[in-house]
Each structure stands twice: as C-alpha cells, then as structure tokens.
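Take a look at the structure below.
The values are calculated or read from the model by the stated rules, or taken from the named source; none is laboratory data. Fair warning: this is a prediction, and the values are worked out from it, not measured in the lab. No Cβ is skipped: glycine too gets one built from the backbone with ideal geometry, and neighbour counts run over all protein chains shown. Note: areas computed on protein heavy atoms with side chains; ligands, DNA, RNA excluded. Shrake-Rupley method; radii C 1.70, N 1.55, O 1.52, S 1.80 Å.
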Amino acid sequence: PASSSSEERGPQRKAYRITDAGQERFLSLMLNPGEYTRDYPDVFAIKLSKFSLLSPAQQLVILQQYREYLSILSDYYATGRDRLKANPAISEQELPYLLQISEYHIARYTAELMWVDKKIADLPEEKE
C-alpha cells in the first residue's frame, strides 16, 4: 500500500545547473535572429516558450526580431498586390481572386504584428 509519509525512496536526486558556457550558448541561440526562413515562426515559438529564463530586455530583442520578420513578409505581399493591380495582362474578372491571396497574407501578418506590439508594450520595465 502507498505510504502517506513524505520520505523519498531510492537514491537521492542530483541537482543540476547550467554551466557558464551553457548559459552563454543558450543566450547566443536565443538572441541571434538567425535566418528568416519559412521555419522562423517555429523558432520564434520555441524562443517564446523560454521567456521565463530571459530578462525583459532580452525578451524585447526577440520580439523585435520577430516583428521585423513579420514586417518584411507583410511588405512583400503588399508589393505583390500592387504589382498585380498594375499588371495589364490580368483581366478585371480574375484580378479580385488574385488580390485576395495578398489580402489574406497581409491581414494575417497585421494581426500577428498587433499581437507582437501588445507583447512589447506589456513587457515590464527593467529597474536600473
């Protein structure tokens, strides 16, 4: 039967801590933006999950990097939308259906940008 005592059975657990070199590598991986590839949102999500280990200033760096990524993509689709509108080879009938692709992506990135901006605004100020 299970015992209600607070005694632990088995060998005593060993406490581990990150080394200075490990801490340095962790911060390097977290604060380096890396390349803006199609995997960047997943990399950002992983970084976001480790925010409890970072200062507000470090969190800000990561949020600003992701904001830049989203802005680049939003601008890319806005430019594409403008090029579609200016293309005389695209019929008036087809144009609205092509434009909705750009509008979809722009709306998506705008929503994400708003979320990131709120996270940035909600960061606690660091005491000096």
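In the set R81, R67, R38, R25, only one residue is farther than 17 Å from M114 by Cα, in contact with an Asp or Glu (Cβ under 9 Å, 6 or more places away or on another chain) and among the charged types (D, E, K, R); that residue is R81. Filtering the stretch 13-50 to residues that are over 26 Å from Y76 (Cα atoms), basic (K, R) and either touching a residue at least 24 places away in the same chain (Cβ under 8 Å) or open to solvent by less than 100 Å² (accessible area, probe 1.4 Å) (or both) leaves only K50. Looking at the stretch 106-121, can you tell me whether even one residue there is in a helix (DSSP H, G or I) and farther than 27 Å from F51 by Cα? Within the stretch 106-121 (the criterion being in a helix (DSSP H, G or I) and farther than 27 Å from F51 by Cα), the answer is yes, since at least one residue qualifies. Residues in the stretch 66-122 that are of a type in the set (F, W, Y) and either within 21 Å of T37 (Cα to Cα) or touching a residue at least 12 places away in the same chain (Cβ under 8 Å) (or both): Y66, Y69, Y76, Y77, Y104, Y109, W115. Taken over the stretch 73-99, the criterion of being assigned to a helix (DSSP H, G or I), of a type outside the set (D, E, K, R) and loosely packed, with under 12 Cβ neighbours inside 10 Å is satisfied by T79, A86, P96, Y97.
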